[in-house]
Amino acid sequence: MGEPTVYIEREPLLAMLLAAVEVYHLECYGMLFGSRPTQRYPYYHISLAVVRQAVVRRTNMEIWTSARGEQRVSDFLGSVGGLYLPVIGDFHSHPAYHGVERHPGPSEVDIKGMSSKDGRQQPLGVIINIIGKNPRPIPWRRLDKKTRLRGSLAGYIFDVTACHVNAESSTAVPLVIEVAPTARKALNRASGQV
């Protein structure tokens, strides 16, 4: 099996974009729920994105979550069992700051956080890069061998990338992104594209 594709539904994509816009020049962070790749279905399927609110400190380069909040979320998800889809990874933003555009791929800190310590399947990481603002709409399309999704919404220009970490080399592997057709149509319609 080659590298899996990442399939994102409309609602989680909009939740991630909104989270990035809310804190704009600072990083946002959240959890991704859905299904992991299997032999039969070789893709991550993101069905839900939940923003993490309990942060101790947030900058334009990093975010520190509350240990108590982490424990509460872990306990909650452990006790509700089958009510939630499994956590398959997380998302965060790489905001532009003072005109400096950040790389849409994962940083060394991101890679370290995604690396598995116990040999389990590597978690998925989605990065929302707000490039800046531009009143002219940019249609949503995939770039860089389909590993980057770019477009605009409400005057903000976004790059969305996804990756997981190769266990042997500890390097980030970019993954192809596929968005639900209804999501791409809705995004283009909302930004004034037909």
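With a sphere of radius 12 Å drawn around the Cβ of Gly30, what net charge do the other residues whose Cβ falls strictly inside it have (Lys, Arg +1; Asp, Glu -1)? Provide the component values of the computation, followed by the final result.
Numbers: positive: Arg52; negative: Glu22, Glu27, Asp90.
With Lys, Arg at +1 and Asp, Glu at -1, the neighbours total -2.
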*Given a 1.4 Å probe and every protein chain left where it sits, what share in percent of the accessible area of segment 137-194 is carbon and sulfur?*
55 percent
*At a probe radius of 1.4 Å, what is the per-residue accessible area of Glu70, in Å² to the nearest 10?*
70 Å²
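The values are calculated or read from the model by the stated rules, or taken from the named source; none is laboratory data. Remember, it's a predicted structure, so these values are computed and weren't measured experimentally. Positions of Cβ are backbone-derived with ideal geometry, glycine not excepted, and every protein chain shown enters the neighbour counts. Remember, those area values only see protein heavy atoms, side chains included, never the ligands or the DNA or RNA. Shrake-Rupley method; radii C 1.70, N 1.55, O 1.52, S 1.80 Å.
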